[in-house]
Amino acid sequence: MVDRVTAKLEKNGKRYEIEVDCEKAIDIKEGRSSDIDSALLVDKIFKDIKKGEVAGNLSKELGTEDVRKIALKIIREGEVQLSTAYKQKQADMLKKRILEKIAGMAIDLNTNLPIPRQRIELAMKDVHHNFDINKPEKEQFEEVLQKLKKILPIKLGEFNYSAELPIQFANDAMLYLKRLANIKDNTRNDNSLVVNFSVKAGNENELLSKLKSVTHGSINIRKI
């Protein structure tokens, strides 16, 4: 279903409007696309789109009669209306990013173990936070965290480990360490790799399992 909205530009006291697909126009405005053919829904430049009044003297005012070039200019330099559906989609994506960030570092204060993602997700429903795409994400992350602290024994943190493993498994192990952990330092010799790293609570179980698997259990690992 096409999500029709208006994009508009005011120049020299005159208004120019076009009818566009909301998400595709935003992709152009934010530099992710230049596909005006997909974004532009009506091949006309209007001075009042609601009344159906088409703009004239385009070459004089905008330097060209090319509708697509003008449409790109309107989107990039002007204002693109945000539809309700688009705003809801962006709010849902914002919620997901904040959930993933908190779940990745959440530790239970009582057990000092990672809090399962599902438990965080359920708690986020209970705190009824209104995810606002016009507010900074960092600010809302802190707001959600403070609300969660009222109903969960939660802190955010990482676990520190030191691991020693046979050198033949070093490359495979490092692939997982680079993806799932923060490597602090590592030392190699002909026989072994010793690596110190920190891992977010939400990645701990996956990383330890991967390291044991790729080394076939030939790994000495301890929490520090």
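From the residues in the range 2-20 that are assigned to a loop (DSSP other than H, G, I, E, B) and at negative phi, which one is surrounded by the fewest Cβ atoms within 10 Å (Cβ to Cβ)?
Of the residues in the range 2-20, the ones assigned to a loop (DSSP other than H, G, I, E, B) are 2-3, 12-13.
The next check asks that each one be at negative phi; those that pass are 2-3.
Numbers: 2: 11, 3: 17.
The selected residue is 2.
Would it be correct to say that residue 207 is in contact (Cβ under 8 Å) with a residue 12 or more places away in the chain and assigned to a helix (DSSP H, G or I)?
Spelling it out, residue 207 is indeed in contact (Cβ under 8 Å) with a residue 12 or more places away in the chain and assigned to a helix (DSSP H, G or I).
Of the residues 187, 215, which is touching a Pro at 6+ places or on another chain (Cβ under 9 Å), of a type in the set (Ser, Thr, Tyr), over 30 Å from residue 82 (Cβ atoms) and not assigned by TED's automatic domain parsing to the domain that holds residue 90? First the steps, then the outcome.
On the way: 187 fails: touching a Pro at 6+ places or on another chain (Cβ under 9 Å).
Criteria check complete, one pass: 215.
Whether any residue in the range 21-35 is surrounded by 15 or more Cβ atoms within 10 Å (Cβ to Cβ), of a type in the set (Val, Ile, Thr) and not in a helix (DSSP H, G or I) is what I want to check. Give the steps one after another, and end with the answer.
Keep residues of the range 21-35 that are surrounded by 15 or more Cβ atoms within 10 Å (Cβ to Cβ), which gives 21-29, 33.
In the following step, the residues that additionally are of a type in the set (Val, Ile, Thr) were identified as 26, 28.
Next, from what is left, pick out any that are not in a helix (DSSP H, G or I): none.
No, the range 21-35 has no match at all.
If you go through the range 78-87 one residue at a time, do you hit one that is over 30 Å from residue 130 (Cβ atoms) and either free of Cβ contacts under 8 Å to residues at least 40 places away in the same chain or surrounded by 19 or more Cβ atoms within 10 Å (Cβ to Cβ) (or both)? Give the derivation first.
Of the residues in the range 78-87, the ones over 30 Å from residue 130 (Cβ atoms) are none.
Among the residues of the range 78-87, not one is over 30 Å from residue 130 (Cβ atoms) and either free of Cβ contacts under 8 Å to residues at least 40 places away in the same chain or surrounded by 19 or more Cβ atoms within 10 Å (Cβ to Cβ) (or both), which makes the answer no.
Could you identify the single residue in 164, 61, 121 that is farther than 25 Å from residue 10 by Cα, in a helix (DSSP H, G or I) and out of contact with any Asp or Glu (no Cβ under 9 Å at 6 or more places or on another chain)? So that I can check it myself, show each step before the final result.
Values: 164 fails: in a helix (DSSP H, G or I); 61 fails: farther than 25 Å from residue 10 by Cα.
The conditions single out 121.
Please count how many residues of the range 161-187 are surrounded by 15 or more Cβ atoms within 10 Å (Cβ to Cβ), closer than 20 Å to residue 107 by Cβ and not hydrophobic (A, V, I, L, M, F, W, C).
Result for the range 161-187: 2.
Under 8 Å between Cβ atoms, at least 6 apart or on separate chains: pull out the pairs that start in the range 180-193 with a residue that is within 22 Å of residue 158 (Cα to Cα) and end on any residue that is charged (D, E, K, R) and not in a strand (DSSP E or B).
Matching pairs, first to second residue: 180/206; 180/210.
Give the residues of the range 86-114 that are of a type in the set (Gly, Ala, Ser) and modelled with pLDDT of 95 or more, sorted by residue number. Spell out how you get there, then give the answer.
Filtering the range 86-114 down to residues of a type in the set (Gly, Ala, Ser) leaves 91, 103-104, 106.
The one that is of a type in the set (Gly, Ala, Ser) and modelled with pLDDT of 95 or more: 91.
Output the number of residues of the range 50-72 satisfying the condition of being touching a Ser or Thr at 6+ places or on another chain (Cβ under 9 Å) and more than 14 Å from residue 5 (Cα to Cα).
The number of residues fulfilling the criteria is 4.
With the requirement that a residue be polar (S, T, N, Q) and outside any helix (DSSP H, G or I), what does the range 75-92 give you?
Restricting attention to the range 75-92, the residues satisfying the condition of being polar (S, T, N, Q) are 81, 83-84, 88, 90.
Scanning the range 75-92 gives 81, 83.
The values are calculated or read from the model by the stated rules, or taken from the named source; none is laboratory data. Being a predicted model, the structure only gives us computed values, none of them experimental. For neighbour counting, all protein chains shown are included, and Cβ atoms are generated from backbone atoms with ideal geometry for every residue, glycine included.
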